[in-house]
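Below is one structure, written out as structure tokens, with a few remarks after it.
The values are calculated or read from the model by the stated rules, or taken from the named source; none is laboratory data. Keep in mind that what you see is a predicted model, and the values were worked out from it rather than measured. Note that we place each Cβ from the backbone using ideal geometry, even for glycine, and neighbour counts take in every protein chain shown. Areas reflect the complete protein model, heavy atoms only, side chains present, ligands, DNA and RNA absent. Shrake-Rupley method; radii C 1.70, N 1.55, O 1.52, S 1.80 Å.
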Amino acid sequence: MSLLLTRDALLGRRSIAGGSLASLTKGLRSELEPLVRGSHAVPAGKALLTREGGRCSCDGALLPYQPFDERHRCPRCARELTGERHDRFRLYWHHLWLAERSVHAAMLGVLLDDASCRATAIDLLGGYATQYLAYPNVDNVLGPSRPFFSTYLESIWLLQLCTALDLLELGAPGDAVAALGARVRDELIAPSAALIASYDEGMSNRQVWNNAALLAAGAMLGDAAMRERALYGRSGVCAHLEIALLRDGSWYEGENYHLFAHRGLWYALQMAGTAGDEVAPALTQRFDAGFIAPLRTVLPDLTYPSRRDSQYAISIRQMRVAESCELGIARRMDERLLGWLARLYDPAIRRGETGRATTSADVERNLPATGLSRSDLSWRTLLLGVEKLPVLKALPLDSDLLPAQGVGILRRDGGGVYVALDYGHSGGGHGHPDRLNLLLVDGHRRWFDDPGTGSYVDDSLHWYRSTLAHSAPLVDGRSQPRVDGTLLAFADDGRAGWMSAGAELAPGLRVRRSIVVMENYLIDELEWDSTETHEIALPLHGVDLVGTDGVPVSREAGSIDESVTREDGFGYLEETMRCTAPAGTAQLLGDSRPGEKHRLRGWLFTGRGTTWWSASAPRAPGLGGRERLLLVRRRATSGRVVGIWAWRDGVADVERAGETLVVTLRAGDRHVHRRTDIGWRVETADRLGARRSVDLAGPRAPSIGPRSLLEDELPDPGEDASEAVSPLALPMSAELGEPHYRQSEAGWAEAGAPVAHVTVSRTGQTVSFDIRVEPSGRRFVAPDSENVFDNEPPGINGDGVQLYVVAGEATGGWLFVPVAARNEVGVHPAEGWSGGLVAEPRWHATEHGYAMHIEVAVGEGLDMFEADVVVNEIGDERARRRGQLILSGGAGEFVYLRGDRHEAARLLRFSLTDV
Ligand SMILES: [Zn+2]
Ligand SMILES: [Zn+2]
């Protein structure tokens, strides 16, 4: 077989490995030496994800991974931590590290004709073949896996092992390798590929890796059908290129996932190319555009904007970014990629830790910025990079628009000033409700920012995933619904530019944001229009409302009593105060930092009835502490908020006269701005009287823009599939079994064919739910116990019942877990479901399981209600929930990451009238 390159190409790399890339070869070989000389045994343990594992219990710092040191030392407080949870989390990195080292060993064994390297690769592959089926496929977080806790991790690992075996077979064939190959195929590749194939993750970045692994495994096994599905199936490589990689070459889940997903696609396209598989040229071109796409949005400090679930402020000065440029150039020469390599390989940049010696294959771990050279790259460049690069020259950073991703960037000062309007694609499961978000960055100073996301297992996740954490408008005190925005205008001549976009943030409510950017200030115009009254609120982080004297205005304590769900973010605010509203133009000042020369200055024009609030809110992940949040709120059917924000102290004064804004610069120039029928006009006059007029084009008719191409994937929250079905009559009984089963690793039969009996009945307006679960081991996890795994209610990881009811305006959702040995039921209200209904549960043990009786009083005067019953079951010898039986049906679904959440649209309708 030849996966990534042919035998001839592989052998042809020997001269490059000893020639132009000799120092890269040498670095990889010396990093491998301790492994070559040490033990090649593979660990017998399976990796486990818990809240505690891998983090310092005192300060939460992520524990570094060291391949040759099994101790866990905190980088922040230097404490040494011990325990199985840390050991098993370390295995996550270690299995991946070892798999990647098998590639290093095989590759160097061939390129350097080094028998000790080949022996290392053979031992690692043989060791994993022996061990693979002994790793238990249980208690996973996200899909089935044996050595890991998520399927895509196993895919990354398997892809490495297939690559290593392939390199050995291509470059060093012989009896030992032939015997190894047969064993690795039978005992590892075939069963692992079958497990990966059983879990399809659709348009997720993770499925990219599943596809790449199946493409590799299919080739190694000679299984054409497996390759066919991985390439051309419904969620195969070509589908990802067409749907999830957007037309501008950017991955729909944001920059962070772009790099990860795009590299997975790189493996797939490389393998398809070697095998001669057909991929449409338009898709290949889109893939090639994906090398440059994420670099088009970088901030002045060369970090990625922390869009969606990105980690905060990650520098592009990382080994994998340089390598992505190299791999792109190896496929097709591109001036822009060469320009980025000029910046990344700039010898003036201080060198830090590149992290290469501890890389965990393709699972990314971000490091601080470091200077780089070609010698710092990975095995991929050694195998496939160009022999010599041409002379590298950095290109200036200009304004840019990624129309499919839906982000526009107006840059000034050669890229030193950065203004972005993030309006477009909602981003799927990793997207944030931050459409029409404004970013303003001047050099290293981030005035308006996107905080990205911290830890997925920390409660702060809900804050970072709220609209309130962004500089984006929110409607009626709630985080935005998941919608895509549309571009209306984008134009820039380098001195004056604007971008304008709209989004429907509530049914019938059109919100539009237009940003006009000049040399040292911007105008931010937020407008809305609806048939109904809505409260529009604009969060402004890190600024304060001041009087004309620059002193903060007076304020008094007052609670912003908005919605209570964590997703809306208000629960994370502290010191909420109501500010005295300014009489005329509101003046704002950016928070000052020590040694800072200029503060951001703002002028805001709002309508009648606007209220001003201040609070303290969490800062971006990793920064620690809190910062001021100013919230401007106004209720109206239509309205407008216009802000002018000036950096570097460039603006002296701002006046508004009717529809005209007059901005007077410190230098004495006057700029007159106004909207016109065809766009935006700026008339400038400098001190000497020289006049200039610029017409910025637009608005253009709403285009399809970044319409969600993932409609199949994304449930429409407004959809009510049961609308056409008449309500079910009571009493109603159902035997829940295979069609109702939502599985984890094991399917219904394999899980021991769990069943439950549910009866829904009523007496007057009191509805009763009787649930009988037999057989059941009655493994109850008390709702007030600690959940060591994640931030879900602990009770979900055991036997128990979830009930969801909607009756008229009232709602209720609960997790009920019997308290063993007592006649009580522990109750955990499901988030977002507490809407007035009260439930009274009872339980008792039965001979082979348990039974629960729950009564819910629904209001008078209703003729129907909606409800769903979910039975959690765990089985023996597991730590996490095994599956669920769902009254409304669950076949084909998986329980992973669902916690106690349930979609309201799934509820069944029941009649309250007598037939
Ligand atoms: Zn610590
Ligand atoms: Zn965000």
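For every residue, the table says whether it meets (1) farther than 22 Å from Glu627 by Cβ; (2) within 14 Å of the chain's Cα centre (by Cα); (3) among the charged types (D, E, K, R).
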{"residue": "Asp434", "(1), (2), (3)": "no, yes, yes"}
{"residue": "Arg446", "(1), (2), (3)": "no, no, yes"}
{"residue": "Pro451", "(1), (2), (3)": "no, yes, no"}
{"residue": "Asp459", "(1), (2), (3)": "no, no, yes"}
{"residue": "Asp476", "(1), (2), (3)": "yes, no, yes"}
Checked pairs for segment 81-96, first in contact (Cβ under 8 Å) with a residue 12 or more places away in the chain and on the phi > 0 side of the Ramachandran plot, second in a loop (DSSP other than H, G, I, E, B) and more than 16 Å from ligand 2 (Cβ to nearest atom), C-beta under 8 Å and 6 or more apart or across chains, list as Gly83/Glu52
Sole miss for Ala47 among (1) surrounded by fewer than 17 Cβ atoms within 10 Å (Cβ to Cβ); (2) in contact with a Lys or Arg (Cβ under 9 Å, 6 or more places away or on another chain); (3) among the small types (Gly, Ala, Ser) is condition (1)
For Leu133, indicate whether it is among the hydrophobic types (A, V, I, L, M, F, W, C), assigned to a helix (DSSP H, G or I) and open to solvent by 40 Å² or more (accessible area, probe 1.4 Å). yes
Restricting segment 762-802 to residues that are among the polar types (S, T, N, Q) and open to solvent by 30 Å² or more (accessible area, probe 1.4 Å), the one nearest to the chain's Cα centre (by Cα) turns out to be Asn791
I'm told Ala172 meets every condition in (1) surrounded by fewer than 24 Cβ atoms within 10 Å (Cβ to Cβ); (2) modelled with pLDDT of 95 or more; (3) within 25 Å of Asp114 (Cβ to Cβ) except one. Can you identify the failing condition by its number? (2)
Of all residues in segment 849-873 being outside any strand (DSSP E or B) and modelled with pLDDT under 95, which is nearest to Arg779 (Cα to Cα)? Val858
Can Glu70 be described as away from ligand 1 (no atom under 16 Å from the Cβ) and acidic (Asp, Glu)? yes
Here's a check for you: in segment 508-535, which residue that is touching an Asp or Glu at 6+ places or on another chain (Cβ under 9 Å) and not in a strand (DSSP E or B) is surrounded by the fewest Cβ atoms within 10 Å (Cβ to Cβ)? Gly508
Verdict on Asp248 being modelled with pLDDT of 95 or more, open to solvent by 10 Å² or more (accessible area, probe 1.4 Å) and out of contact with any Gly (no Cβ under 8 Å at 6 or more places or on another chain): no
If I filter segment 24-38 for residues that are open to solvent by less than 10 Å² (accessible area, probe 1.4 Å), more than 16 Å from ligand 2 (Cβ to nearest atom) and β-branched (Val, Ile, Thr), do I get at least one hit? yes
Let me confirm something: among Glu100, Glu70, which residue is surrounded by 15 or more Cβ atoms within 10 Å (Cβ to Cβ) and either within 20 Å of Thr358 (Cβ to Cβ) or touching a residue at least 60 places away in the same chain (Cβ under 8 Å) (or both)? Glu100
Strands (runs of 3 or more DSSP E) wholly inside segment 421-504 containing at least 3 residues that are away from ligand 2 (no atom under 13 Å from the Cβ) and out of contact with any Asp or Glu (no Cβ under 8 Å at 6 or more places or on another chain): 486-492
Just give me the residues in segment 782-814 being closer than 19 Å to Gln743 by Cα and assigned to a strand (DSSP E or B), in sequence order. Gly800, Val801, Gln802, Leu803
Would you say Ala293 is more than 16 Å from ligand 2 (Cβ to nearest atom), modelled with pLDDT of 95 or more and within 27 Å of Ala239 (Cβ to Cβ)? yes
Does segment 185-195 contain any residue that is over 23 Å from Arg90 (Cα atoms), without any contact (Cβ under 8 Å) to a residue 40 or more places away in the chain and buried (at least 21 other Cβ atoms within 10 Å of the Cβ)? yes
Pairs please, first residue from segment 553-567 and closer than 9 Å to Gly477 by Cα, second anywhere and among the acidic types (Asp, Glu) and at pLDDT 85 or above, Cβ atoms under 7 Å, 6+ apart in sequence or on different chains. Glu562/Asp568
Please indicate, with yes or no, whether at least one residue in segment 42-53 is more than 16 Å from ligand 2 (Cβ to nearest atom) and out of contact with any helix residue (DSSP H, G or I) (no Cβ under 9 Å at 6 or more places or on another chain). no
Provide a single number: the residues in segment 826-861 that are within 21 Å of Pro775 (Cβ to Cβ), aliphatic (A, V, I, L, M) and open to solvent by 30 Å² or more (accessible area, probe 1.4 Å). 1
Taking segment 296-315 and keeping residues more than 18 Å from the chain's Cα centre (by Cα) and away from ligand 2 (no atom under 16 Å from the Cβ) leaves Arg296, Pro300, Asp301, Leu302
Out of Leu402, Leu439, which single residue is under 24 Å from Leu341 (Cβ atoms), of a type in the set (A, V, I, L, M, F, W, C) and away from ligand 1 (no atom under 16 Å from the Cβ)? Leu402
Before we move on, is Ala810 free of Cβ contacts under 8 Å to residues at least 12 places away in the same chain and open to solvent by 10 Å² or more (accessible area, probe 1.4 Å)? no
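Considering only residues that are part of a strand (DSSP E or B) and out of contact with any Ser or Thr (no Cβ under 6 Å at 6 or more places or on another chain), look in segment 681-695 and name the one that is least open to solvent (accessible area, probe 1.4 Å).
Ranking the qualifying residues of segment 681-695, first place goes to Val682.
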Name the single residue that is most open to solvent (accessible area, probe 1.4 Å) among those in segment 890-912 being part of a loop (DSSP other than H, G, I, E, B) and charged (D, E, K, R). Arg901
Could we say that Ala78 is away from ligand 1 (no atom under 16 Å from the Cβ), more than 16 Å from Gly38 (Cα to Cα) and among the small types (Gly, Ala, Ser) here? no
Could you list, in sequence order, all residues of segment 671-680 that are at pLDDT below 95, assigned to a strand (DSSP E or B) and either open to solvent by 70 Å² or more (accessible area, probe 1.4 Å) or among the hydrophobic types (A, V, I, L, M, F, W, C) (or both)? Arg674, Trp680
